[in-house]
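Enquirer: Here it is: the structure, laid out below.
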Amino acid sequence: MAIEFEIDDEVAALAARTREFVRDVVIPVELETGGSVHDGDESVRRGLQDAARAAGLLAPQLGREWGGLGLDMRGQSVVFEEAGYSLLGPLALHCSAPDEGNMHLLERIGSPEQQGRWLPELGSGRARSAFAMTEPAPGAGSDPRALRTRARRVEGGWRIDGRKWFITGARGASLFFVMARTSGEPGDAGGATLFLVDGDNPGITVVRDLDTLDVGLFGGHSEVEFRDCVVPDDAVLGEVDRGFEAAQARLAPARLTHCMRWLGLARRAHDIALGYVAQRDAFGDRLANLGMVQQQVADNEIDMAASRALIRHAGWLLDTGREAGNATSMTKVFVAEAVGRITDRAVQLAGATGTAGDLLLSRYWREVRPFRIYDGSSETHRWAIAKRAVKARRTAGEVA
């Protein structure tokens, strides 16, 4: 079967409307706020999402039956890149982490009752959610099998006890997706279960907000304690002891949508740098005419084109139901590092001005740097890619 990268006219028109909306509505707010929404200012979020709703752009990834636009992964790749052109674009379109991935997970494996209760709230932006998996050492991080948060059977349900951190948007979240161990011990491959926990559960405490490089994800990142957090049986999302498998329905597409959004921001950084070198004179000429500058511009163009091709290919695999684990890992590693290179070159091209707040380039650099760590570090994905390659070689046998 031929690989289909063609974008239909309806998606192309939606991307064009998104581009205009981001330029005219979102970027002015980004410039006013410096792109920082880690304090969870609901007036900013609601104002942007109300404007996106009025423009017919809200939740492009969500199924139409839940109020979204129903785009597949290839359609999302085009629209999300346009949304990502501003730090606040994904928030405005309601396609930012963690809500975007959580809605996808509910659509894929939620029961009809769970979907009916939460998808209208999340899809409309009336509610926010958080995904609680990562734990302080020695708990789950890049290795989810180290999971230590425990859920034990009690009358009528489960009691969850444990501590999570780097939980994006935890403060003020109406719903937590919580990964907890229901059997086995830390280090075991299975035994995890996903739970849906109401944000007002008295067993949840936001301990502190973490001081991180990035401040562009709404509500920032928090440390959260679950103590005597009791939930009913119908809080189980998917099947008991099969939470790791269930999470894969979220993690592979979510790492790809991160790539889409950050590619948009990297393109913004590149455009800002291009504007700078095109008008700045030095050494008797425009910077844009100097060979070393042109090399960095060209390398940015190459990184963006390669990133876009990898994203579209992985999206096609997911859309057509093919195995996409290796492709999404490769895409995540390459794009996470490529957007870092692009923004770093953009800072370098703008010189001292690139390090100041006037152009927001230094803000963009700080925002994309953590992407090499979250959603699986580059090292973790490289390890998985290499393991698959070795396994395939052994399966194929020796070649004369």
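Enquirer: When you scan the range 178-198, how many residues do you find that are farther than 16 Å from Asp228 by Cβ and within 24 Å of the chain's Cα centre (by Cα)? Write out each step before concluding.
Expert: We begin by selecting, within the range 178-198, every residue farther than 16 Å from Asp228 by Cβ; these are 179, 181-194, 196.
So of that shortlist, the ones also within 24 Å of the chain's Cα centre (by Cα) come out as 179, 192-194, 196.
Residues in the range 178-198 being farther than 16 Å from Asp228 by Cβ and within 24 Å of the chain's Cα centre (by Cα): 5 in total.
Enquirer: Six or more apart or on different chains, Cβ atoms under 6 Å: show the pairs whose first residue is in the range 318-336 and in contact (Cβ under 8 Å) with a residue 40 or more places away in the chain and whose second is of a type in the set (Asp, Glu) and surrounded by fewer than 21 Cβ atoms within 10 Å (Cβ to Cβ).
Expert: Taking only residues 6 or more apart or on different chains, the pairs are Asp319/Asp72.
Enquirer: Scan the range 57-72 and give yes if some residue there is open to solvent by 10 Å² or more (accessible area, probe 1.4 Å), touching a Leu at 6+ places or on another chain (Cβ under 8 Å), within 27 Å of Ser222 (Cα to Cα) and not in a helix (DSSP H, G or I), otherwise no.
Expert: For the range 57-72, residues open to solvent by 10 Å² or more (accessible area, probe 1.4 Å), touching a Leu at 6+ places or on another chain (Cβ under 8 Å), within 27 Å of Ser222 (Cα to Cα) and not in a helix (DSSP H, G or I): present.
Enquirer: May I pose another question? Scan the range 77-96 and report the pairs whose first residue is over 18 Å from Ala305 (Cα atoms) and whose second residue is among the hydroxyl-bearing types (Ser, Thr, Tyr) and in a helix (DSSP H, G or I), with Cβ atoms within less than 8 Å and a gap of 6+ or a chain change.
Expert: Leu87/Tyr364; Leu88/Thr33; Gly89/Thr18; Leu93/Thr18; Cys95/Thr257
Enquirer: Identify all residues within the range 215-233 that are in a loop (DSSP other than H, G, I, E, B) and on the phi > 0 side of the Ramachandran plot; write none if there are none.
Expert: Residues of the range 215-233 in a loop (DSSP other than H, G, I, E, B): 215-220.
Result: Gly219, Gly220.
Enquirer: Hey, which of the helices (runs of 4 or more DSSP H) in the range 260-375, taking only ones fully inside, have at least 1 residues that are open to solvent by 60 Å² or more (accessible area, probe 1.4 Å) and among the aromatic types (Phe, Trp, Tyr)?
Expert: Details: elements: 291-319, 325-349, 352-355, 361-368.
Ranges flagged: 325-349, 361-368.
Enquirer: Shifting gears a bit: Of all residues in the range 224-247 being within 24 Å of the chain's Cα centre (by Cα) and free of Cβ contacts under 8 Å to residues at least 60 places away in the same chain, which is farthest from Phe80 (Cα to Cα)?
Expert: The extreme case among them is Arg242.
Enquirer: Identify the residue in the range 141-159 that is within 29 Å of the chain's Cα centre (by Cα) and of a type in the set (Gly, Ala, Ser) and, among all such residues, is nearest to Ser183 (Cα to Cα).
Expert: Applying the filter and picking the extreme gives Ala151.
Enquirer: What strands (runs of 3 or more DSSP E) lie completely within the range 146-195 and have 3 or more residues being surrounded by fewer than 22 Cβ atoms within 10 Å (Cβ to Cβ)?
Expert: On the way: elements: 150-154, 157-168, 175-181.
So the answer is 150-154, 157-168.
Enquirer: Does the range 268-282 contain any residue that is within 28 Å of Glu30 (Cα to Cα), hydrophobic (A, V, I, L, M, F, W, C) and either at pLDDT below 95 or within 20 Å of the chain's Cα centre (by Cα) (or both)?
Expert: Pass one, the range 268-282, residues within 28 Å of Glu30 (Cα to Cα): 268-280.
Keeping just the survivors that are hydrophobic (A, V, I, L, M, F, W, C) gives 269, 272-274, 277-278.
Those still in the list that are either at pLDDT below 95 or within 20 Å of the chain's Cα centre (by Cα) (or both) too: 269.
Among the residues of the range 268-282, at least one is within 28 Å of Glu30 (Cα to Cα), hydrophobic (A, V, I, L, M, F, W, C) and either at pLDDT below 95 or within 20 Å of the chain's Cα centre (by Cα) (or both), which makes the answer yes.
Enquirer: Would you point out which residue out of Ala54, Ala97 is open to solvent by less than 40 Å² (accessible area, probe 1.4 Å) and out of contact with any Cys (no Cβ under 6 Å at 6 or more places or on another chain)? Explain how you work it out, then say what you get.
Expert: Details: Ala54 fails: open to solvent by less than 40 Å² (accessible area, probe 1.4 Å).
Every option except Ala97 fails the conditions.
Enquirer: Take the conditions open to solvent by 60 Å² or more (accessible area, probe 1.4 Å) and either in contact (Cβ under 8 Å) with a residue 24 or more places away in the chain or in contact with a His (Cβ under 6 Å, 6 or more places away or on another chain) (or both) and apply them to Arg250. Does it pass?
Expert: Details: open to solvent by 60 Å² or more (accessible area, probe 1.4 Å): no; either in contact (Cβ under 8 Å) with a residue 24 or more places away in the chain or in contact with a His (Cβ under 6 Å, 6 or more places away or on another chain) (or both): yes.
Taking the combined requirement at face value, the residue does not satisfy it.
Enquirer: Count, please, the residues in the range 150-163 that happen to be over 17 Å from Pro202 (Cβ atoms) and touching an Asp or Glu at 6+ places or on another chain (Cβ under 9 Å). Break it down stepwise before answering.
Expert: The first filter runs over the range 150-163 and keeps only residues over 17 Å from Pro202 (Cβ atoms), leaving 150, 152-153, 155.
Okay, now just the ones that are also touching an Asp or Glu at 6+ places or on another chain (Cβ under 9 Å), so 150, 152.
Residues meeting the conditions: 2.
Enquirer: Quick check on this structure: which one of Glu245, Glu239 is surrounded by fewer than 20 Cβ atoms within 10 Å (Cβ to Cβ) and in a helix (DSSP H, G or I)?
Expert: Working: Glu239 fails: in a helix (DSSP H, G or I).
Answer to the check: Glu245.
Enquirer: Now for a separate question. Among Ala15, Ala52, which is the only one that is of a type in the set (Gly, Ala, Ser) and farther than 15 Å from Ser96 by Cβ?
Expert: Numbers: Ala52 fails: farther than 15 Å from Ser96 by Cβ.
After applying the criteria, what remains is Ala15.
Enquirer: Restricting attention to the range 196-214, and to residues there that are part of a loop (DSSP other than H, G, I, E, B) and open to solvent by less than 20 Å² (accessible area, probe 1.4 Å), which single residue is modelled with the highest pLDDT? Please lay out each step first, then the result.
Expert: To start, the set of residues in the range 196-214 that are part of a loop (DSSP other than H, G, I, E, B) comprises 199-203, 210-214.
When the remaining residues are screened for being open to solvent by less than 20 Å² (accessible area, probe 1.4 Å), the result is 203, 214.
On the way: Gly203: 98, Asp214: 94.
Filtering first and then ranking leaves Gly203.
The values are calculated or read from the model by the stated rules, or taken from the named source; none is laboratory data. For clarity, every value in this text was computed on a predicted model and none was experimentally measured. FYI the Cβ positions are ideal-geometry reconstructions off the backbone, even for glycines, and counts take in every protein chain you see. Please note that ligands, DNA and RNA were not included when accessible areas were found on the heavy atoms of the full protein model with its side chains. Shrake-Rupley method; radii C 1.70, N 1.55, O 1.52, S 1.80 Å.
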